[in-house]
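The block underneath contains the structure these notes are about, expressed in structure tokens.
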Amino acid sequence: MTGDPWSIPMVGLPSEDDGSCKFAPTPSDPTCSKPAVIHILGRAKGWGNVSLATCVEHAGIAFLAVDISRMHSYSPNCCPGVRDEKQAG
Ligand SMILES: [Zn+2]
Ligand SMILES: [Zn+2]
């Protein structure tokens with residue numbers, strides 16, 4: 001285990017939108033591979049506008065990492081041209 005459990009969730013590097021949850025415990029870890037069910041769009045510190053595809057389990061972390069402007073059920077290409085940033089908690 002590495003990292004501070006009390007650290008604030010953060011948004012990491014942009015990654016390929018392949019329909020899976022982009023959560024990772026730290027930015028260098030592999031992402032969660034569960035199917036994304038929620039798409040969160042908003043602003044994150046240091047990134048500006050971001051979009052996060054997340055599974056139900058990790059949605060709570062995405063809520064903390066992003067100042068949410070839009071949220072809906074995720075579907076492939078539901079937001080054409082929007083990249084999905086990797087999230088870390
Ligand atoms: Zn996940
Ligand atoms: Zn979307």
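The values are calculated or read from the model by the stated rules, or taken from the named source; none is laboratory data. Keep in mind that what you see is a predicted model, and the values were worked out from it rather than measured. Please note: Cβ atoms are built from the backbone with ideal geometry, for glycine as well, and neighbour counts cover all protein chains shown.
Of the conditions (1) surrounded by 18 or more Cβ atoms within 10 Å (Cβ to Cβ); (2) more than 10 Å from the chain's Cα centre (by Cα), residue 18 fails just one. Which one is it?
Among (1) surrounded by 18 or more Cβ atoms within 10 Å (Cβ to Cβ); (2) more than 10 Å from the chain's Cα centre (by Cα), the lone unmet condition for residue 18 is (1).
Only residues that are modelled with pLDDT of 90 or more and charged (D, E, K, R): list them for the stretch 23-45, please.
Within the stretch 23-45, 34, 43 meet the criteria.
For the stretch 31-73, what are the residues that are in a loop (DSSP other than H, G, I, E, B) and either more than 12 Å from the chain's Cα centre (by Cα) or surrounded by fewer than 17 Cβ atoms within 10 Å (Cβ to Cβ) (or both)?
Listed by number, the residues that qualify are 33, 34, 37, 45, 46, 47.
Anything in the stretch 33-85 that is out of contact with any Pro (no Cβ under 9 Å at 6 or more places or on another chain), within 12 Å of ligand 2 (Cβ to nearest atom) and charged (D, E, K, R)? List them, or say none.
70
Might you check whether a residue that is at pLDDT 85 or above, charged (D, E, K, R) and more than 12 Å from the chain's Cα centre (by Cα) occurs anywhere in the stretch 1-12?
no
This table checks each residue for (1) touching a residue at least 40 places away in the same chain (Cβ under 8 Å); (2) closer than 12 Å to residue 11 by Cα.
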site	(1), (2)
23	yes, yes
34	no, no
53	no, yes
68	no, no
72	no, no
78	no, no
86	yes, yes
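Read through the list (1) in contact with an Asp or Glu (Cβ under 9 Å, 6 or more places away or on another chain); (2) within 11 Å of ligand 1 (Cβ to nearest atom); (3) within 15 Å of residue 12 (Cα to Cα), then give the number of the only condition that residue 58 fails.
(1) is the only condition that residue 58 fails.
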